[in-house]
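Only the coordinates and a few stated rules stand behind these numbers; no lab work does. Only a predicted model underlies this, so the values are computations on that prediction, with no experimental measurement involved. With ideal geometry, Cβ positions are generated from the backbone for all residues, glycine too; neighbour counts draw on all protein chains shown.
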Amino acid sequence: PFVYLNGAMTPLSEAKVSVLDRGFIFGDGIYEVIPVYDRKPFRPAQHLARFFRGIEAVNIRNPHSEAEWLTLVDKVVQTAPTEDQLAYLQITRGPAPRTHAFPAQEPKPTVFLMSNPLIPPTLAMLENGVACVTMEDKRWLRCEIKSISLLGNVLAAQNAAAQQANETLQFRDGSLTEGSSSNVWIVKDGTLLGPPVDNLILEGIRYHLIAELCEANGIPFESRRIARNEVFTADEVLLSSAGKEILPVASIDGRTVGNGKPGPIFKKLYASYQIAKR
Ligand code: PDD
């Protein structure tokens, strides 16, 4: 497969960056993941807007316009082997002598894109739901930035993997935040509830989309703090992300969610999502 690195399409095996790259040394960079269906990016403008917000928030010089970034996305999408993909975009502050503060002499940002096959959730996951576990959210307080510094998310994902679970639901000060790489939703008495969009979560591109799908399906939607006990007593719990799309949760820490089967709100939202994405 080919990837894009700093101006050129390159075979993956030949794409190399400096060991002094601040992405490698400090995790000093921003990334984005865009689902691609039939080689067409899904909601590209929203993904690019979030990517640009992150880049601006950490003061990296953005070398490309939105149109240029989309052209780069198209380049990697066209060379990938499958029709459905997850496009990955990354920018770091670039290579510079190691000092924590921004280098006095501004480095050239490192721009990298690749696109990999999108592996959709299996039928078993959709029909039976997935297992989740919980953990205290120990990440930093700027979770709205899609930073490549993902150690907290990596440890949360590994916490799930070690327990044969699909995702870790994180809680901060007793309230639900999000998964290691997904947003989390609960259903209570027919209303879909999501945590507030603030610095404690990444605003998923599916966050707004799910609000729209609720509206279209006449499902009441509310953003507010969600207490831990509300998650355990919810009628349904859902996950959303570029790769997971919308997934039903069957159990949390070994306790059954609702009646243990994907519920009616999941089914409606999932069906609407499948129509929206093509
Ligand atoms: N992760 N929250 C976190 C911490 C995430 O990493 C993600 C996505 C989401 C959902 O956002 P979206 O709906 O835009 O995919 C929420 C991507 C897929 C990743 O890191 O690979």
Sequence neighbours fewer than 8 away in the same chain don't count; with that in mind, list the lysines whose C-alpha is under 28 Å from LYS277.
LYS40, LYS75, LYS146, LYS188, LYS244, LYS261, LYS267, LYS268
The chain, relative contact order [Cα under 8 Å, separation at least 6], %
18
Counting each DSSP H run of 4 or more residues in the chain as -39500 (n - 2.57), what helix-only mean residue ellipticity at 222 nm follows after dividing by all residues, to the nearest 500 deg cm²/dmol?
-8500 deg cm²/dmol
C-alpha center-to-center spacing [the range 192-253, the range 97-125] in angstrom:
26
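When you count, for each residue, the other Cβ atoms within 10 Å and take the mean per peptide, how do 203-210, 56-63 rank with the highest first? Walk me through the numbers on the way to the answer.
Working: 203-210: 20.8, 56-63: 14.2.
Ranking the peptides 203-210, 56-63 by packing returns 203-210, 56-63.
For the range 2-117, what relative contact order do you get, as a whole percent, if you take Cα pairs closer than 8 Å and at least 6 residues apart? Provide the component values of the computation, followed by the final result.
Numbers: 201 pairs, mean separation 43.4, N = 116.
Relative contact order for the range 2-117 comes out at 37 percent.
With the contact rule set at Cα under 8 Å and sequence spacing of 6 or more, what percent relative contact order holds for the range 123-276?
Details: 305 pairs, mean separation 42.3, N = 154.
The value is 27 percent.
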Based on the alpha carbon coordinates of the chain, what radius of gyration and maximum Cα-Cα distance (Dmax) apply, in Å?
19.2, 59
Anisotropy class of the range 1-150 from Cα gyration tensor, a/c 1.5 cut
oblate
Charge dipole (the range 17-59, unit charges on Cβ, about Cα centre) - positive-most of PHE52, PRO41, GLY27
PRO41
Would you mind computing, in nm to one decimal, how far apart the modelled labels at ARG255 and HIS100 are, each placed 7 Å from Cα along Cα→Cβ?
4.0
Explain nothing, just the number: dipole magnitude of the chain about its Cα centre with +1 on each Lys and Arg Cβ and -1 on each Asp and Glu Cβ, in debye rounded to the nearest 20.
320
